[in-house]
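Trainee: Okay, here's the structure, questions in a sec.
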Amino acid sequence: MTITELLLLCFSAILAENFIFVKFMGVCPFLGVSGRIDTALSMGMAVTFVMTVASAATCSVYNFVLVPFELEYLETIAFIIIIASLVQLIEMFMKKAFPPLYKALGIYLPLITTNCAVLGVALLNVQNEYNMLQSVMYGFFAALGFTFALFVFAGVRQRLELASPPKSFEGVPLSLVAAGLIAMAFSGFQGINLGGSGFFPFSLS
Amino acid sequence: MQENKKGNVGFSAVSLLLISGFIACLVALVNSITAPVIAEHGVESLKENIALIFAGSEDFDDITGTVTETSGVEAIYKVKSATGGEDNYCVHTSTAGYGGAVELLVGFNCDGQIAGVAVLSADSETPGVGQKITEKQFLNGFKGLSYNDEGAKVDGVTGATVSSKAALSGVNSACVAIDKILNGEEEEVSA
Amino acid sequence: MKRRGISWFAKEGLLGNNPVLVQLLGLCSVLAVSTSMSNAIGMGVAATVVLICSNLLISLLRKFIPEQVRIAAYIVVISGFVTAVQLLIKAYFPAIDKSLGIFIPLIVVNCIVLARAEAFASKNKPAAALLDGLFMGIGYTAALLAVSFIRELFGNGTVFGISVFGGSYPKVLLLTMPAGAFICLACVVAAVRYFTMKGRSKK
């Protein structure tokens, strides 16, 4: 794994493989807390923190516990338990050590357990056979992409409140349409030529 | 969680443990039933795909470990020819496509000519667009090219550049691997 | 507790309290797997089986699960059933496993399952919990089918993979892309709201 490949992984985790707009993970909290920019940022920070730590924790449990005992099929159960207890631990730790941070992020922490982005990143790390460094980087940058999407969308939603759509479109449907339009913009990132190196005999005509 | 419920902590822990134990047994039971079936599927689908490329060929050996790892290459198989000629090769590749991995099986004749390409998995590609890379029209473009035909061009699928490129880089990785097999490995020369 | 018939559960799951279209739960999986109707059926059935099993077990154990650790217990039960279902799909329907991929294990964090466990199964008798799981699952599957029907028919010109409009049909590619998923779901939710509001004003 070269530095370029690692950078590529990070870059595509934010844009080309954005968790919300391309992979559809974490849409529920996304619709729930993207009403205002400041709450969106707090949620994003909490998710980033948990996802990075969870990536490291699940990666090491998978490689040092599940694989040696040939219990790979228990990965889903193991990961969700790790994530749930991790969230619980972080909540207690924050309450004691950083009360102001806890005040800002506290109410979002329990929501993170059922955020499919967190379990999703853990499962993807295993599926893509990422090593420790890659897992942590992928977790961190995918979460950054999540935060970025929340932030962008919160800005759009604050404007949407001023609109007067047909009654049946009010609220979530209108937000979904707006999300669809942003997703369209994000699909543009897919076309970026990521280049390559080495021995390449064939190319597209 | 509260102080006044401390007496219940033991009870909570035990009951949680019992529930977890029960669930673990259930999952272990299901796993013991399904594991052999799942393992069989892998071998069978590989056999089918190899037969797609080399009609009649059934015997193959995994020779992945004989050469150094090539990025994008999952496995290399030596396929016994059905007509009794020299052995052919199949390379299983996995490259990043539009929504996930695109997995190919690239078949090479003994002299390194591409005998055929089969798509093992392109399920995360967009239906109707990216999934067109599974059509014959695109895959046949690779047929007859040799692993060292530098500069050869292949027609991509219109509107599915990312998926086409994924398939292309899969075939290219397979070429790298087959180069190692046929010509032996050379010392890494830094360019 | 008042007795409720099957029709009450059916109405609740399919229309009045549809988990996707009314409660707006589990949208992630709806958006992701609605590209084709066969995917929708596979995902719907998988989620329904998990819902029925977890509802039943949680309802049976509702007197034994201590209050403070109930969420943890629910998560363990749900993830156990999800893993079992995932292994069965892998063994007997490998094609579905391939196309749904990571979204089968993600049923664990599908809010529908946990929400039904917490809101219904933990407070009701096993028979009622089973019916609730069944019809909530059917409601989820119906919503998935509705969205995937529109996306597959107009986006790809097919229904269950069978061509409907013939080869010259100009496909609405937008619908097969992520953007189309959001917009299509928005329209289905809005349509359901429109008709329920219309129905209510008539009364």
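Read-outs: derived from the displayed coordinates by stated rules, not from any lab. Here the structure is a predicted model, which is why all the values come from computation and not from measurement. Here the Cβ is made from the backbone with ideal geometry for all residues, glycine too, and neighbour counts use every protein chain on show.
Trainee: Quick one: which of A:134-140, B:155-161 comes out on top by average Cβ neighbours within 10 Å, and what's the full order, highest first?
Mentor: Listed from highest to lowest mean packing, they are A:134-140, B:155-161.
Trainee: Between the helical axis of C:37-60 and the dominant principal axis of chain C, each derived from Cα atoms, what acute angle in degrees is found, rounded to the nearest 10?
Mentor: Once rounded, one gets 10 degrees.
Trainee: In bins 5 Å wide, starting from 0, what share of all Cα pairs of chain A does each bin hold, as a percent?
Mentor: Reading upward from the zero bin: 1, 7, 14, 17, 17, 15, 12, 8, 5, 2, 1, 0, 0.
Trainee: May I have the convex hull volume per residue, in Å³, for the Cα set of region A:85-197?
Mentor: Taking only Cα atoms, region A:85-197 has a hull volume of 170 Å³ per residue.
Trainee: Longest span of chain A, sites excluded, free of GluC sites (Glu not before Pro) in DSSP loop with at most 14 other C-beta atoms within 10 Å?
Mentor: Of all site-free stretches, the longest is A:1-69.
Trainee: Please sort through the DSSP H helices of chain A and keep those with an alpha-carbon extent of at least 30 Å along the long axis and a Kyte-Doolittle average not below -1.0. Each step should come with its number before you reach the end.
Mentor: Working: long enough: A:37-61 (35 Å, 1.44); A:75-97 (32 Å, 1.47); A:132-160 (41 Å, 1.23).
Taking the DSSP H segments of chain A (at least 30 Å long, mean hydropathy at least -1.0), we get A:37-61, A:75-97, A:132-160.
Trainee: Helix B:161-183 versus the longest principal axis of chain B: what angle, 0 to 90°, nearest 10, using Cα atoms?
Mentor: That works out to roughly 70 degrees.
Trainee: For a label point 7 Å from the Cα of B:GLU48 along Cα→C-beta, name the residues of region C:54-97 whose backbone N is under 14 Å from it.
Mentor: C:91-97
Trainee: Assigning unit charges at the beta carbon (Lys, Arg +1; Asp, Glu -1) and nothing else, what dipole magnitude in debye, to the nearest 20, does the protein assembly as shown show about its Cα centre?
Mentor: Here the size comes out at about 4300 debye.
Trainee: State log₁₀ I(q)/I(0) for chain C at q = 0.08, 0.12, 0.15 Å⁻¹ as given by the Debye formula over alpha-carbon point scatterers of equal weight, solvent excluded.
Mentor: -0.30, -0.64, -0.94
Trainee: So if I take the centroid of the Cα atoms in region A:16-78 and the same for region B:40-103, what is the distance between those two points in Å?
Mentor: 34
Trainee: Starting from the Cα of C:ASN17, step 7 Å along the direction of its Cβ; do the same at A:GLU72; then give the gap between the two resulting points in nm.
Mentor: Between C:ASN17 and A:GLU72, the simple spin-label model gives 4.1 nm.
Trainee: Sort out the exposed loop chymotrypsin sites (Phe, Trp or Tyr not before Pro) in chain C (DSSP loop, at most 14 other Cβ within 10 Å) and tell me the longest stretch that has none.
Mentor: C:65-159
Trainee: To continue, here is another question. Quickly estimate the mean residue ellipticity at 222 nm for chain B, helices only: each DSSP H run with n ≥ 4 gives -39500 (n - 2.57), and the total goes over all residues, rounded to 500.
Mentor: Calculated from helices alone, the mean residue ellipticity at 222 nm is -13500 deg cm²/dmol.
Trainee: Arrange C:ASP97, B:ASP62 by Cβ neighbour counts within 10 Å, fewest through most, would you?
Mentor: On the way: C:ASP97 21, B:ASP62 12.
Neighbour counts put them in this order, fewest first: B:ASP62, C:ASP97.
Trainee: Could you tell me what percent of the DSSP beta bridges with both partners in the protein assembly as shown are antiparallel, to the nearest 5?
Mentor: 90
Trainee: While we're here: Pop a pseudo-label 7 angstrom from the Cα along the beta-carbon direction at both A:LYS167 and C:ALA115 and give the gap in nm to one decimal.
Mentor: Placing both labels 7 Å along Cα→Cβ, they lie 2.3 nm apart.
Trainee: Along Cα→Cβ, 7 Å out, is where each label goes; now give me the distance between the ones at C:ILE162 and B:GLU150 in nm to one decimal.
Mentor: Spacing of the two 7 Å Cα→Cβ label points: 5.4 nm.
Trainee: Work out the FRET efficiency for B:ALA82 and A:ALA185 from their Cβ-Cβ distance, taking R0 = 45 Å, and round it to the nearest 0.05.
Mentor: It comes to 0.30.
Trainee: Same structure again: May I have the pair-distance distribution P(r) for region A:1-103, computed from all Cα-Cα distances with 10 Å bins from 0 and rounded to whole percent?
Mentor: For region A:1-103, the binned pair fractions read 12, 32, 37, 17, 1 percent.
Trainee: Sticking with this structure for a sec: Any chance you could list the semi-axes, whole Å, largest first, of the equivalent ellipsoid that the Cα gyration tensor gives for the protein assembly as shown, using √(5λ)?
Mentor: 42, 28, 25
Trainee: Which residue, chosen from B:ILE53, B:PHE142, B:ALA35, occupies the Cα position most advanced towards the positive end of the dipole of chain B, where the dipole is computed from +1 (Lys, Arg) and -1 (Asp, Glu) charges on Cβ about the Cα centre?
Mentor: Value computed over the given set: B:ALA35.
Trainee: Taking a cut-off of 23 Å, what percent of all Cα-Cα pairs in region B:27-168 are separated by more than that?
Mentor: Cα-Cα pairs of region B:27-168 separated by over 23 Å account for 40 percent.
Trainee: Suppose only helical runs count, i.e. DSSP H with n ≥ 4. What mean residue ellipticity at 222 nm does that imply for chain C under -39500 (n - 2.57) per run, divided by all residues and rounded to the nearest 500 deg cm²/dmol? Display every interim value, and only then the final one.
Mentor: Working: 9 runs with 136 residues, N = 203.
Mean residue ellipticity at 222 nm (helix-derived): -22000 deg cm²/dmol.
Trainee: Can you tell me the orientation of helix B:9-53 relative to chain B, as the angle in degrees between its alpha-carbon axis and the longest Cα principal axis, to the nearest 10?
Mentor: Around 10 degrees separate the two axes.
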